1. Looking only at the range 110-159, how many residues end up being of a type in the set (S, T, N, Q), over 16 Å from Phe63 (Cα atoms) and at pLDDT 85 or above?
2. Does Leu60 satisfy the condition of being assigned to a helix (DSSP H, G or I) and modelled with pLDDT of 85 or more?
3. Kindly list the number of the only condition in (1) assigned to a helix (DSSP H, G or I); (2) surrounded by fewer than 17 Cβ atoms within 10 Å (Cβ to Cβ) that fails for Val283.
4. Would you be able to say whether some residue in the range 239-248 is in contact with a strand residue (DSSP E or B) (Cβ under 7 Å, 6 or more places away or on another chain), part of a helix (DSSP H, G or I) and either surrounded by fewer than 14 Cβ atoms within 10 Å (Cβ to Cβ) or at pLDDT below 85 (or both)?
5. Looking at the range 255-281, which of the residues that are touching a residue at least 12 places away in the same chain (Cβ under 8 Å) and closer than 10 Å to Ile301 by Cα is farthest from the chain's Cα centre (by Cα)?
6. Quick check, is Ser94 assigned by TED's automatic domain parsing to the domain that holds Ser35, under 22 Å from Ile71 (Cα atoms) and modelled with pLDDT of 80 or more?
7. Between a residue in the range 199-222 that is of a type in the set (Val, Ile, Thr) and any residue that is surrounded by 10 or more Cβ atoms within 10 Å (Cβ to Cβ), which pairs come within a Cβ distance under 6 Å, given they are 6 or more apart or on different chains?
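The values are calculated or read from the model by the stated rules, or taken from the named source; none is laboratory data. Since this is a predicted model, take the numbers as computed values, not measurements. Positions of Cβ are backbone-derived with ideal geometry, glycine not excepted, and every protein chain shown enters the neighbour counts.
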Amino acid sequence: SRVMGLAILLAIVILIIALRSVWGLIVPILSAISSMIVMYGVVGFIGYHVDNMVLSFPFLIGFAVSIAYSIHLFSFYKRHFRKHGHRREAIVYSFGEVGWGVLFTALTTITALLSALFIPVKTVRFMGLSTAGIVAATFIIVMILTPVLLSFGKNKKQHPKYLKNKHSKFENRLYNLGNWILDNPRKIFVSYLIIMGFLSWGLTKITVDTNYKKTLGTKVPYVKNIVAIAETELGSLYSYEVMIELPEAGMAKDPEVLHKLELLESKAQESEMTKKTNSILDVVKDMNMVLNEDNPAYYKIPDNSDLVAQMLLLYENAGGTESEYWVDYDYKYLRLSVHL
């Protein structure tokens with residue numbers, strides 16, 4: 001809601017500066033909201049599950065596209081209407097001049113966004129499909145809704161600015177800018193190369209990080225909660241799993257294998273980032289200590305494979321289920337979980 005509120009506020013400011021028209025303010029926002037309703041209405045009816053991490057992304061694309069298309073149409077309409085004063089003629093002229101350009105812009109944007117469908121990640125595919133759908137819906141709504149709303153009203157007299165001059169002051173400034181660019185091609189090209197070279201060097205400074213605390217920040221409520229839990233003694237933000245396949249079934253009960261797993265676990269714990277580790281060793285050591293009157297000296301791996309097998313069998317018969325997470329039914333695979 002906060003992102004959407006900021007997007008709408010920014011859109012209003014841009015439209016007021018660019019168009020200075022009531023309809024120029026209403027139509028883009030109405031078109032953007034309508035396209036979002038269309039897109040997410042379809043998503044709701046087909047029962048597609050949406051990832052909340054990317055839920056707001058199509059909204060922002062919809063607003064940006066709606067503003068861009070509307071500015072193109074309104075600028076041509078407003079200029080022609082102020083020059084000649086005929087509303088219907090201005091609408092037909094503006095759509096005739098800009099319609100094809102807006103259409104091909106929409107088609108190229110949709111095609112580029114649909115390329116995300118080739119990526120075998122469900123969230124990325126949703127982003128590509130939803131944003132392409134919103135662009136298509138925005139184009140259709142803008143091209144239909146804009147002329148309908150602009151048709152309301154009467155014709156007006158030619159604007160005084162256009163009685164004396166063929167162009168407005170702003171248009172004259174743009175013409176002067178174009179002439180200045182054509183008069184200084186070498187300076188502009190050299191400046192372009194210098195700026196691009198400097199920014200290309202900046203590309204090497206980019207770092208990729210999946211840490212929510214760095215990328216999203218703790219001002220986001222759920223990130224703040226995740227980080228708070230991760231910083232506790234029992235919590236962790238990340239973890240990785242190590243799966244060990246043994247040559248034969250039943251070897252996971254072998255004390256020699258368990259000692260090697262213990263060595264691997266101790267190596268993982270040497271890292272400063274490691275908070276804790278979990279494996280079948282926790283179950284074996286706990287059972288060995290319990291069966292020896294809770295003597296801490298027995299919190300270790302027994303040296304007898306038959307004793308290990310009996311302890312695990314006793315654990316399962318007593319209703320213990322934790323071992324299922326760390327070893328398979330045939331005792332051929334071992335799992336080590338390392339929490340960071």
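1. Taking the range 110-159 first, the residues of a type in the set (S, T, N, Q) are 111, 115, 123, 130-131, 138, 146, 151, 155, 158.
When the remaining residues are screened for being over 16 Å from Phe63 (Cα atoms), the result is 111, 115, 123, 151, 155, 158.
Right, trim to at pLDDT 85 or above and you get 111, 115.
Residues meeting the conditions: 2.
2. Working: assigned to a helix (DSSP H, G or I): yes; modelled with pLDDT of 85 or more: no.
For Leu60, the condition - assigned to a helix (DSSP H, G or I) and modelled with pLDDT of 85 or more - is not met.
3. (2)
4. Checked against the condition, which is being in contact with a strand residue (DSSP E or B) (Cβ under 7 Å, 6 or more places away or on another chain), part of a helix (DSSP H, G or I) and either surrounded by fewer than 14 Cβ atoms within 10 Å (Cβ to Cβ) or at pLDDT below 85 (or both), the range 239-248 yields no hits at all.
5. Once the filter is applied, the top-ranked residue is Pro255.
6. Working: assigned by TED's automatic domain parsing to the domain that holds Ser35: yes; under 22 Å from Ile71 (Cα atoms): yes; modelled with pLDDT of 80 or more: yes.
So Ser94 fits the description; yes.
7. Thr218/Lys224; Thr218/Val227
Per-residue answers, yes or no, for (1) touching a Lys or Arg at 6+ places or on another chain (Cβ under 9 Å); (2) assigned to a loop (DSSP other than H, G, I, E, B):
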{"position": "Met289", "(1), (2)": "yes, no"}
{"position": "Glu293", "(1), (2)": "no, yes"}
{"position": "Ile301", "(1), (2)": "yes, yes"}
{"position": "Val308", "(1), (2)": "yes, no"}
{"position": "Met311", "(1), (2)": "no, no"}
{"position": "Leu314", "(1), (2)": "no, no"}
{"position": "Glu324", "(1), (2)": "no, no"}
{"position": "Tyr329", "(1), (2)": "no, yes"}
{"position": "Val338", "(1), (2)": "yes, no"}
